[in-house]
Structures are given as structure tokens and as C-alpha cells.
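See below for the structure under consideration.
The values are calculated or read from the model by the stated rules, or taken from the named source; none is laboratory data. Just so you know, these numbers come straight off a predicted model, no measurement behind them. Positions of Cβ are generated from backbone atoms using ideal geometry, with glycine treated the same way; all protein chains shown enter the neighbour counts.
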Amino acid sequence: MGPGHRTRARRGVRTGVVHRVAAPPGAAGEAAGESVFSGPVGRYVSLVRAVVQDRYASPETLRVREVPTPVAGDGEVLVRVRAASVHPDVWHVVTGRPYVLRLMGAGLRRPKNRIPGTDVAGDVVAVGASVTRFRPGDEVFGETTMGHQWLNGGAFAEYVPVPQDALARKPGSVTFEQAAAVPTSGLLALNNLPRKHLRSGQRVLVNGAGGGVGGFAVQLAKAHGATVTGVDAAMKLAMVTSLGADRVIDYAREDFTQGGERYDLIFDVPGNHSFAECRRVLAPGGTYVWIGHDRFGAAAGRWLGSVPHGLRLVVMSRFVPQLPTVTFSRPGKKDLMAALAGLLEAGKLTPVVDRTFPLSEVPQALQYLQEGRAQGRIVITV
Ligand SMILES: NC(=O)c1ccc[n+]([C@@H]2O[C@H](COP(=O)([O-])OP(=O)(O)OC[C@H]3O[C@@H](n4cnc5c(N)ncnc54)[C@H](OP(=O)(O)O)[C@@H]3O)[C@@H](O)[C@H]2O)c1
């Protein structure tokens with residue numbers, strides 16, 4: 001907040017939580033400062049801290065500022081954020097690359113929602129109209145949006161409004177930091193693992209098993225009794241084994257597509273091998289699932305990223321039995337989040353947190369993510 005910005009502590013009207021309060025623009029003492037307040041909302045406006053992104057740019061440009069306290073809309077709850085997490089798609093939306101994401105709702109010239117972050121854990125402080133599933137005091141975790149992840153979701157803030165169906169109750173057995181590490185990568189893993197291969201006797205290979213999505217895929221396949229091989233960098237293999245993998249492969253020493261093993265499912269996160277190479281080591285009736293990783297712009301085009309490759313596989317899936325057919329009848333986010341909460345509660349899913357950063361160090365957290373050294377998830381504590 002800028003010098004001369006009038007502040008005082010006051011009880012927030014909607015939330016019952018103490019906020020900083022600023023005089024509206026034009027009041028005595030108001031200065032431009034760092035406030036992103038843009039219009040008068042009553043006599044006083046309560047302010048909360050948030051990471052603000054004015055334009056698509058390098059993560060170093062992100063700053064913590066003070067913004068008006070958000071309000072829970074119809075069907076939304078207002079969450080006091082205790083922890084949030086970073087993942088590669090946060091980097092994509094902050095930088096605006098690949099450019100196609102700007103056409104997919106993120107905002108053409110600048111981000112529509114100026115506060116990044118989609119994964120959150122915290123407690124409910126207020127509920128909007130027609131909310132039936134939660135009430136103030138509930139501890140929750142989930143995504144902040146109902147749609148895809150190429151949008152800013154407002155999680156890197158002290159408070160965020162979240163659609164109730166994007167949330168589940170946080171099990172008491174996990175911390176807020178652990179819970180915040182789960183939503184997007186857990187949903188991606190759960191939604192893309194074909195059910196027919198989640199059972200005992202199935203041989204599952206997870207390529208990129210030491211990453212966010214791959215780590216959950218290993219645990220989910222193991223929880224259902226499959227035999228799991230995890231492929232990743234040497235430094236991450238001990239962690240992959242601790243997640244339950246039966247066998248691990250260092251990708252720098254061994255190319256799994258050239259080995260003699262056969263797999264019923266190849267769950268491919270980095271996508272560094274072609275489908276034809278992977279098909280070689282698929283067992284009869286096997287499935288290849290591609291997640292894909294742009295490697296922060298280094299492995300795919302500036303304009304479309306890996307979207308064309310994904311679309312090619314979708315078209316091929318109509319003719320090639322090893323590729324899963326894209327279906328729109330999958331369970332919704334509400335059911336998937338409930339399933340993740342159940343797995344956490346049962347101890348079948350254990351989120352591994354590598355490191356936490358305070359809200360003011362979101363740029364450093366994104367830099368650390370990009371370096372690829374993290375062994376587990378990177379969490380922002382608020
Ligand atoms: N995690 C999320 O919450 C999330 C959310 C939305 C979308 N996504 C998308 O899902 C994709 C994966 O995300 P992620 O979070 O799982 O990424 P990640 O944490 O970076 O995991 C990728 C893993 O693959 C490994 N890898 C790199 N090259 C490899 C190779 N040649 N062979 C085997 N493993 C290799 C990486 O290791 P190195 O350290 O060697 O690079 C890393 O451990 C991304 O496209 C992302 O945009 C993820």
C-alpha cells in the first residue's frame with residue numbers, strides 16, 4: 001500500500017475477520033501507491049493481500065498488493081487461504097504462453113483475473129446464496145475454478161471466492177500445505193487413468209513419475225493393486241520408490257521403449273517418446289495416455305504449445321485402440337474432489353511437499369518449479 005493510504009483495522013462486515021481498511025479514492029490522504037482499488041464500494045473498503053499480475057510477463061514481475069476483499073457470489077464460498085500450490089499451468093498463465101491460452105478465456109491483452117493460482121486449501125469464512133454443502137468454519141481444499149487450468153484462479157491471496165462444487169472437505173489427517181498440493185495434479189491423474197487398468201495384475205508404467213501428476217498417478221495405480229514402474233531423473237527415484245513404485249528407471253540411463261518389458265498402461269507425462277515408440281512396449285489390450293509437458297515453452301511452439309499434438313492423438317484415438325477415446329461423460333469436479341478426499345482420508349494418497357514459500361515469494365516459487373529440482377510439490381503458505 002502506498003504512503004498516505006489511510007488504513008486502520010476494522011472488523012470485516014461480511015467475514016467477521018479483521019482486515020486492513022482503506023479510504024476510497026479521493027478521500028483525504030489517498031495516494032496512488034500500490035493499491036489496485038479501482039472504484040468506490042461504500043464508505044470504506046477492506047483490503048487483503050494478493051499476488052497481482054497486470055500483464056503477461058515473466059514471473060519476476062509479480063508483486064503482492066492490497067486488493068478489495070472478494071465476495072462469495074451465488075454458489076460460491078469465500079475461503080481464507082492457508083496454503084496454495086504452484087504447477088506448470090500457473091507459469092503458462094502468468095507468461096501468457098502459449099498464446100492460444102489467451103483466446104481460451106485467460107484474457108486477450110492482459111489477464112482477465114489479475115490474481116494467479118488455482119489450487120487452494122483453507123477455511124470457509126462466508127457462503128454465498130444457494131450454497132448448501134459448506135458453512136463458515138469448514139476446512140476445505142480444491143481448485144478455484146470449475147473450468148480448465150489455463151486461467152488465473154485467484155488462489156495466491158489471503159481470500160478467494162470458490163465455486164462450492166470445486167471443493168471438498170479437507171481430511172483432518174493432512175495439513176493445509178499437503179491438501180493444497182493435491183487438487184490440479186490429483187484431478188489430472190485421477191481423470192486420465194483408465195479405470196480398466198486400475199486393478200491388480202495390471203502393469204502400469206508412469207513416465208515422469210517424480211513430477212506433480214506422475215507422483216499421484218503412481219500412488220493411485222498402486223492403491224488399486226497395479227504393479228508400477230516409475231521413470232524419472234535419478235535424483236527423484238528414491239522418492240518415486242517411497243510413493244510405492246515396484247520398479248524405477250533412470251531415464252538418462254535406460255530407454256523404457258527399448259526394453260523387453262510390456263505394459264498394460266503407459267501413462268506418459270513428459271511425452272518425450274512418440275506414440276509409435278511407446279506402442280512397441282504396450283501389451284495386447286494396452287493403453288497409452290499422454291499428458292504432455294511444454295517444459296515452460298522449451299518443448300513446444302510459442303503459439304499453440306502442445307495443443308496440436310494433443311488434438312492429433314484425439315483424432316487418432318478414433319482409429320487406434322491403444323489410445324483412450326475422449327468422452328465428455330466423465331465424473332465432474334465435485335465427484336473427483338470427493339474421491340481425492342476419500343483417498344487422502346484412507347491414507348492411499350500422500351502428498352509430498354518439497355518446499356514452501358511465503359506469498360511474497362511466488363516469483364521465487366515459480367523459478368524453483370521451472371528449474372525442475374523439486375522432489376514433490378511446491379506450496380505457497382499464506
Ligand atoms: N501438476 C499440476 O498440478 C498440473 C496442473 C495442470 C496441468 N498440468 C500439466 O501437466 C503436465 C505435467 O505437469 P507436472 O506438474 O506433473 O510436471 P512436473 O512436475 O514437471 O513433472 C514432469 C516430470 O517428468 C520428468 N521428466 C522430464 N523429462 C523426462 C524424461 N525424458 N523421461 C522421464 N521423465 C522425464 C521431470 O523430471 P526433470 O526434473 O528431469 O525435468 C519431472 O519429474 C504439464 O504439461 C502441466 O502443464 C499439471
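Would you confirm, using the coordinates I've provided, whether Ala168 is assigned to a helix (DSSP H, G or I) and either more than 11 Å from the ligand (Cβ to nearest atom) or crowded, with 23+ Cβ neighbours inside 10 Å (or both)?
Working: assigned to a helix (DSSP H, G or I): no; either more than 11 Å from the ligand (Cβ to nearest atom) or crowded, with 23+ Cβ neighbours inside 10 Å (or both): yes.
For Ala168, the condition - assigned to a helix (DSSP H, G or I) and either more than 11 Å from the ligand (Cβ to nearest atom) or crowded, with 23+ Cβ neighbours inside 10 Å (or both) - is not met.
Quick one: which residue in Ile249, Ile291 is more than 23 Å from the chain's Cα centre (by Cα), within 11 Å of the ligand (Cβ to nearest atom) and of a type in the set (A, V, I, L, M, F, W, C)? First the steps, then the outcome.
Numbers: Ile291 fails: more than 23 Å from the chain's Cα centre (by Cα).
None of the other options fit; the residue is Ile249.
Of the conditions (1) assigned to a strand (DSSP E or B); (2) under 23 Å from the mean Cα position of the chain (by Cα); (3) more than 15 Å from the ligand (Cβ to nearest atom), Phe267 fails just one. Which one is it?
In the conditions (1) assigned to a strand (DSSP E or B); (2) under 23 Å from the mean Cα position of the chain (by Cα); (3) more than 15 Å from the ligand (Cβ to nearest atom), Phe267 misses (3) alone.
If I filter region 351-364 for residues that are within 30 Å of Asp264 (Cβ to Cβ) and at pLDDT 95 or above, do I get at least one hit?
To start, the set of residues in region 351-364 that are within 30 Å of Asp264 (Cβ to Cβ) comprises 351-352.
Going one step further and asking which of them are at pLDDT 95 or above, we end up with 351-352.
Yes, some residue in region 351-364 is within 30 Å of Asp264 (Cβ to Cβ) and at pLDDT 95 or above.
Restricting to region 330-382, what's the tally of residues that are within 16 Å of the ligand (Cβ to nearest atom), basic (Lys, Arg) and closer than 27 Å to Ala50 by Cβ?
3
Regarding Leu343, is this residue surrounded by 18 or more Cβ atoms within 10 Å (Cβ to Cβ), in contact (Cβ under 8 Å) with a residue 24 or more places away in the chain and outside the structural domain of Gly172 (by TED's automatic domain parsing)?
Numbers: surrounded by 18 or more Cβ atoms within 10 Å (Cβ to Cβ): yes; in contact (Cβ under 8 Å) with a residue 24 or more places away in the chain: yes; outside the structural domain of Gly172 (by TED's automatic domain parsing): yes.
Judged against the criteria, Leu343 is a match.
Looking only at region 273-300, how many residues end up being of a type in the set (Phe, Trp, Tyr) and either assigned to a loop (DSSP other than H, G, I, E, B) or at pLDDT below 95 (or both)?
Residues of region 273-300 that are of a type in the set (Phe, Trp, Tyr), as a first pass: 275, 288, 290, 296.
Within this subset, residues satisfying the condition of being either assigned to a loop (DSSP other than H, G, I, E, B) or at pLDDT below 95 (or both) are 296.
Number satisfying all stated conditions: 1.
Being surrounded by fewer than 19 Cβ atoms within 10 Å (Cβ to Cβ) and either farther than 30 Å from Pro308 by Cα or not charged (D, E, K, R) (or both) narrows it down to one of Gly96, Gly75, so name that one. Steps first, please.
On the way: Gly96 fails: surrounded by fewer than 19 Cβ atoms within 10 Å (Cβ to Cβ).
After applying the criteria, what remains is Gly75.
Listed here are the residues, each with its yes/no results for (1) in contact with a helix residue (DSSP H, G or I) (Cβ under 6 Å, 6 or more places away or on another chain); (2) at pLDDT below 95; (3) of a type in the set (S, T, N, Q).
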{"position": "Gly33", "(1), (2), (3)": "no, yes, no"}
{"position": "Arg43", "(1), (2), (3)": "no, yes, no"}
{"position": "Val51", "(1), (2), (3)": "yes, no, no"}
{"position": "Pro59", "(1), (2), (3)": "yes, no, no"}
{"position": "Asp74", "(1), (2), (3)": "no, no, no"}
{"position": "Pro88", "(1), (2), (3)": "no, no, no"}
{"position": "Val94", "(1), (2), (3)": "yes, no, no"}
{"position": "Met104", "(1), (2), (3)": "no, yes, no"}
{"position": "Arg114", "(1), (2), (3)": "no, no, no"}
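From the list Ala238, Ala234, which residue is surrounded by fewer than 23 Cβ atoms within 10 Å (Cβ to Cβ), within 12 Å of the ligand (Cβ to nearest atom), more than 18 Å from Tyr263 (Cα to Cα) and more than 22 Å from the chain's Cα centre (by Cα)?
Numbers: Ala238 fails: within 12 Å of the ligand (Cβ to nearest atom).
Only one candidate passes the filter, namely Ala234.
Please list, ordered by first then second residue, the pairs with beta carbon atoms under 8 Å, 6 or more apart or interchain, first in region 365-379 and at negative phi, second among the hydroxyl-bearing types (Ser, Thr, Tyr) and modelled with pLDDT of 95 or more.
Pairs that qualify, where the first residue is at negative phi and the partner is among the hydroxyl-bearing types (Ser, Thr, Tyr) and modelled with pLDDT of 95 or more, are Ala374/Tyr368; Arg377/Ser85; Arg377/Ser185; Ile378/Ser85; Ile378/Thr356; Ile378/Tyr368; Val379/Ser85; Val379/Thr356.
Which condition number in (1) surrounded by fewer than 18 Cβ atoms within 10 Å (Cβ to Cβ); (2) over 24 Å from Leu336 (Cα atoms) is the one that Arg135 fails?
(2)
Conditions first: (1) free of Cβ contacts under 8 Å to residues at least 12 places away in the same chain; (2) within 16 Å of the ligand (Cβ to nearest atom). Leu103 passes all but one, so which condition is the exception?
Of everything listed in (1) free of Cβ contacts under 8 Å to residues at least 12 places away in the same chain; (2) within 16 Å of the ligand (Cβ to nearest atom), Leu103 misses just condition (2).
Taking strands (runs of 3 or more DSSP E) that fall entirely within region 178-264, which contain at least 2 residues that are at negative phi, assigned by TED's automatic domain parsing to the domain that holds Glu277 and touching a residue at least 24 places away in the same chain (Cβ under 8 Å)?
Values: elements: 203-207, 227-232, 247-250.
Passing ranges, in order: 203-207, 227-232.
Could you tell me whether region 301-324 includes any residue that is within 16 Å of the ligand (Cβ to nearest atom), in a strand (DSSP E or B) and either among the aliphatic types (A, V, I, L, M) or surrounded by fewer than 18 Cβ atoms within 10 Å (Cβ to Cβ) (or both)?
Looking for residues that are within 16 Å of the ligand (Cβ to nearest atom), in a strand (DSSP E or B) and either among the aliphatic types (A, V, I, L, M) or surrounded by fewer than 18 Cβ atoms within 10 Å (Cβ to Cβ) (or both), one finds at least one in region 301-324, hence yes.
Considering region 140-168 alone, what residues qualify as being touching a Phe, Trp or Tyr at 6+ places or on another chain (Cβ under 8 Å) and either modelled with pLDDT under 95 or not small (Gly, Ala, Ser) (or both)? I'd like the intermediate steps shown before the answer.
Kept after step one, since they are touching a Phe, Trp or Tyr at 6+ places or on another chain (Cβ under 8 Å), are these residues of region 140-168: 140-141, 164, 167-168.
Within region 140-168, Val140, Phe141, Gln164, Leu167 qualify.
Can we say Val94 is over 28 Å from Ser173 (Cα atoms) and within 15 Å of the ligand (Cβ to nearest atom)? Spell out the reasoning first.
Values: over 28 Å from Ser173 (Cα atoms): yes; within 15 Å of the ligand (Cβ to nearest atom): yes.
The answer is yes for Val94.
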